[in-house]
Amino acid sequence: LTANYTYSHSLTDDIGFYGVSNIYSGQYYQQNAYDMNAEWGPAGMDTRHNISVTGVYDLPFGRGKMFGSGWNYPVNALIGGWRLSGAQVYYSGFPVTVSSPANYSSAVYGFTGAARPNQNLPLHAQHRSINSYYGTQVQGTSCGPNQSNGTCVFSQQPNDAFGDVRPGSLRAPSFQNIDMSVAKTFVVWHEHRFDFRGDFFNAFNIADYAPPDSGMTDSNFGQITGTVNGNRSIQLSLKYAF
C-alpha cells in the first residue's frame, strides 16, 4: 500500500493568454493591467489538497495461504490465489473567477475580456446543490452597477471603477476517482497458464462535476451542467502463456 498527500498553494498575477488547459473557470486577461496587485490570486491549476493511494492485496485464500491451505486442486483453482488492486485519486477543486458585465472595463479599454464584480457581503454557501453550488444566497440576487440592496452578495462592476473581487476567489467541486482490478493465474501444466484480469474504471461510478457557471448575471449562475469524468467501465482480459 502506498499513500501520498500533498498540500500546495500556487499564486499568480497572470493566468496567461489562453487561460488554463481544461479548466474553463478563469479569465484570459487582467481586469486592470496597470494594477497587478489586484490580479494576485490562486493560479488556475492550484489545488490545495491532493491525495493518491495505490495498493495490491493477495487475498489470503488458497494453498499456502492463511485460509484454505488444504483445499484440493479444483477448489483451489477456482477460489484460491486471487489478487485485488486499486488506485484512488482525490484533489480539491480548482479556482473559479466570478465575472461581471464590463461596465467600466469597456469604457476604459474598449473590450470586455475580463471584468469582475464588487462583493458586498460574505458568501456563505447555504442549501448547496448542483443547481446552486454556491448556495441559494446568490441565486437571483444580482445587483446592478453601483447598487447594493443589503441582500446582494455581488453587484456588477461599477460604472466608475474596476470590481474588487479577486481572481480565483471561488472554488469548483473536488475530483475523486477510484479504479480497481482483480486478477488470478490458472496453472494448466508446468509453465502453461491462463492469466485472467478484470479492470473496473471509476469502479464506484462517482460523478465528478464540472465547474459551475461563473457569470454573476447569468440565469444559471452557480449551476453545474456537466461532469468531467466518464461512467464506470469494465474490461475483462484472458491471456494464455506457455
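The values are calculated or read from the model by the stated rules, or taken from the named source; none is laboratory data. Predicted, not measured: the structure shown is a model, and the values here were computed from it. Counting neighbours? That spans all protein chains shown, and the Cβs are built from the backbone with ideal geometry, glycine included. Side chains included, ligands, DNA and RNA excluded: accessible areas come from the protein's heavy atoms. Shrake-Rupley method; radii C 1.70, N 1.55, O 1.52, S 1.80 Å.
Side notes on the structure shown:
- Residue tally, condition crowded, with 21+ Cβ neighbours inside 10 Å and at pLDDT 85 or above, over region 125-152: 4
- Checking each residue in region 209-226 for being farther than 18 Å from residue 175 by Cβ and of a type outside the set (Val, Ile, Thr) picks out 213, 215, 216, 218, 219, 220, 221, 222, 223.
- Residue in region 53-65 that is open to solvent by 40 Å² or more (accessible area, probe 1.4 Å), β-branched (Val, Ile, Thr) and in a loop (DSSP other than H, G, I, E, B) present: no
- The requirement of being open to solvent by 60 Å² or more (accessible area, probe 1.4 Å) and either in a strand (DSSP E or B) or modelled with pLDDT under 90 (or both) is fulfilled somewhere in region 99-108, by at least one residue.
- Listed by first and then second residue, the pairs with beta-carbon distance under 9 Å, at least 6 apart or on different chains, first residue in region 118-129 and in contact (Cβ under 8 Å) with a residue 12 or more places away in the chain, second charged (D, E, K, R), are 118/164; 119/164; 119/166.
- Test result for residue 160, modelled with pLDDT of 90 or more, in a loop (DSSP other than H, G, I, E, B), closer than 30 Å to residue 47 by Cα and open to solvent by 40 Å² or more (accessible area, probe 1.4 Å): no
- Members of region 20-40 that are modelled with pLDDT under 90, surrounded by 14 or more Cβ atoms within 10 Å (Cβ to Cβ) and of a type outside the set (S, T, N, Q): 20, 23, 24, 26, 29
- A single member of 213, 218, 199, 208 is at pLDDT 95 or above and open to solvent by less than 70 Å² (accessible area, probe 1.4 Å), and it is 199.
- Every condition in (1) in contact (Cβ under 8 Å) with a residue 60 or more places away in the chain; (2) of a type in the set (A, V, I, L, M); (3) closer than 28 Å to residue 131 by Cα holds for residue 207 except the one numbered (1).
- Close contacts from region 218-233, counting a first residue that is farther than 19 Å from residue 102 by Cα and of a type in the set (Ser, Thr, Tyr) and a second that is at pLDDT 90 or above and outside any loop (DSSP other than H, G, I, E, B), with Cβ to Cβ under 6 Å and a gap of 6+ residues or different chains, come to 227/209; 233/201.
- Consider region 221-242 and keep the residues that are open to solvent by less than 40 Å² (accessible area, probe 1.4 Å) and either of a type in the set (S, T, N, Q) or part of a strand (DSSP E or B) (or both). The one that is nearest to residue 190 (Cα to Cα) is 241.
- Residue match in region 164-173 (condition: closer than 21 Å to residue 104 by Cβ, under 20 Å from the mean Cα position of the chain (by Cα) and either surrounded by fewer than 18 Cβ atoms within 10 Å (Cβ to Cβ) or without any contact (Cβ under 8 Å) to a residue 40 or more places away in the chain (or both)): yes
- Of the candidates 70, 81, 93, 44, the single residue that is in a loop (DSSP other than H, G, I, E, B), on the phi > 0 side of the Ramachandran plot and either surrounded by fewer than 14 Cβ atoms within 10 Å (Cβ to Cβ) or in contact (Cβ under 8 Å) with a residue 60 or more places away in the chain (or both) is 81.
- Residue satisfying all of: in region 174-196; assigned to a loop (DSSP other than H, G, I, E, B) and free of Cβ contacts under 8 Å to residues at least 60 places away in the same chain; most open to solvent (accessible area, probe 1.4 Å) among these: 190
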